[in-house]
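This report concerns only the one structure given below.
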Amino acid sequence: MKSNLLKYKNYLFVLSALIVANFVLDPMWKNIETLQQKVYLDESKVVKVENLIANKKQIEKQSGLLSINKLKLQPYLFTASTESEFKLTAQGKIEKLLQTNNCNVERIGWAGKSNIEQQLVRWTLEARFRGNPECVLNVSRQLESLEPMVKIADYSYAGKEVSGDKQNYMVVALTLIMWQNANEVAL
């Protein structure tokens, strides 16, 4: 038996080395790799935090400038706490503008909204109306100077002819963009 053991001694060494490598060294190597990845990620987080701390004054300055700019932006926003209140106010302004310029309103409808940030909502309104060239010109000019701000995002003017005659009727389709301050209180 001893002679058999001596004969296969080298095989036993190789087999025991493979067992040790498979069950001890391989898991240890994988553990070391994961720990190295964690260390690398932690080091990058530390670098980011150090950069933020170093730029703290600059960040605070920019934050102050943003709050000042928000206050300057206030006159251009519709202040309404609810969606229905905003829609009534904004649509009422547009309808009143069209009526004062003797335009025939065909359709006014809300196309959608998108939240820019927590307190700021961007609304899209589509308006279609008929009127003479004077009506169209006055409405376009007054929309540009309206406060709170209304932006003409897209437009379509159609008519049979453009001759300068005040009796020529045009069909106008406008896509308007408005911004709502969703807070109940001013910014």
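Here, each number is a calculation from the coordinates, and none is a lab measurement. All figures in this text were calculated on a predicted structure; none of them were measured in a lab. Here Cβ is always computed from backbone atoms with ideal geometry, including for glycine, and neighbour counts include all displayed protein chains.
Treat the count of other C-beta atoms within 10 Å as a stand-in for reagent exposure and order MET170, MET149 from fewest to most. Display every interim value, and only then the final one.
Values: MET170 19, MET149 16.
Listing MET170, MET149 from fewest to most nearby Cβ atoms yields MET149, MET170.
Nearest 10 degrees is fine. How inclined is helix 56-73 to the longest principal axis of the chain, computing both from alpha carbons?
That works out to roughly 20 degrees.
Across segment 103-110, in residue order, what do the Karplus-derived ³J(HN,Hα) couplings come to in whole Hz, using 6.51 cos²θ - 1.76 cosθ + 1.60 with θ = phi - 60° and x for Gly and Pro?
For segment 103-110, the Karplus curve yields 9, 9, 6, 9, 7, 9, x, 8 Hz.
If I stretch the segment between TYR155 and SER84 completely, what's the gain in nm (0.36 nm per residue apart, minus their alpha carbon distance), one decimal? List each step's numbers first, then the result.
Values: separation 71, 0.36 × 71 = 25.56 nm, distance 2.55 nm.
Residue separation times 0.36 nm, minus the Cα-Cα distance, leaves 23.0 nm.
Considering only C-alpha atoms, what is the centroid distance from segment 109-164 to segment 1-76, in Å?
A separation of 55 Å, based on Cα centres.
As an exercise, use a Förster radius of 35 Å and the Cβ-Cβ distance of SER63 and ILE177 to find the FRET efficiency, rounded to the nearest 0.05.
On the way: r = 27 Å, r/R0 = 0.77.
Using R0 = 35 Å, I get an efficiency of 0.85.
Semi-axes of the equivalent ellipsoid for segment 77-181, please: Cα gyration tensor eigenvalues, times 5, square-rooted, ordered largest first, whole Å.
Numbers: eigenvalues 155, 30, 24 Å².
Whole-Å semi-axes of the equivalent ellipsoid: 28, 12, 11.
Against the longest alpha carbon principal axis of the chain, how many degrees, from 0 to 90 and to the nearest 10, is the axis of helix 133-144 turned?
With rounding to tens, the tilt is 40 degrees.
Taking the chain as a Gaussian network, Cα atoms linked when under 10 Å apart, which of LYS113, LYS30, LYS61 shows the biggest mean-square fluctuation?
Judging by the Gaussian network model, the answer is LYS30.
Starting from 0.36 nm per residue, how many nanometres of slack lie between GLU33 and GLU95 once their C-alpha separation is accounted for?
Numbers: separation 62, 0.36 × 62 = 22.32 nm, distance 6.77 nm.
This chain segment gains 15.5 nm when fully extended.
Based only on the alpha carbon positions, what is the Kirkwood hydrodynamic radius of the chain, in angstrom?
On the way: mean 1/r = 0.0434 Å⁻¹.
Mean inverse Cα-Cα distance, inverted, gives 23.0 Å.
Can you give me the angle between helix 26-54 and the longest principal axis of the chain, using Cα atoms only, in degrees from 0 to 90, rounded to the nearest 10?
So the helix axis and the longest Cα principal axis differ by about 40 degrees.
In debye, nearest 20: dipole of segment 2-54 around its Cα centre with unit charges on the Cβ of K, R (+) and D, E (-)?
Working: 7 positive and 5 negative charges, 99 e Å.
Approximately 480 debye in magnitude.
First check a/c for segment 14-92, with a ≥ b ≥ c the square roots of the eigenvalues of its C-alpha gyration tensor; if it is under 1.5, answer rounded, and if not, answer prolate when a/b is larger than b/c or oblate otherwise. If you can, show how the numbers build up before the last one.
Working: a/c = 11.31, a/b = 2.71, b/c = 4.18.
Note, shape of segment 14-92 comes out oblate.
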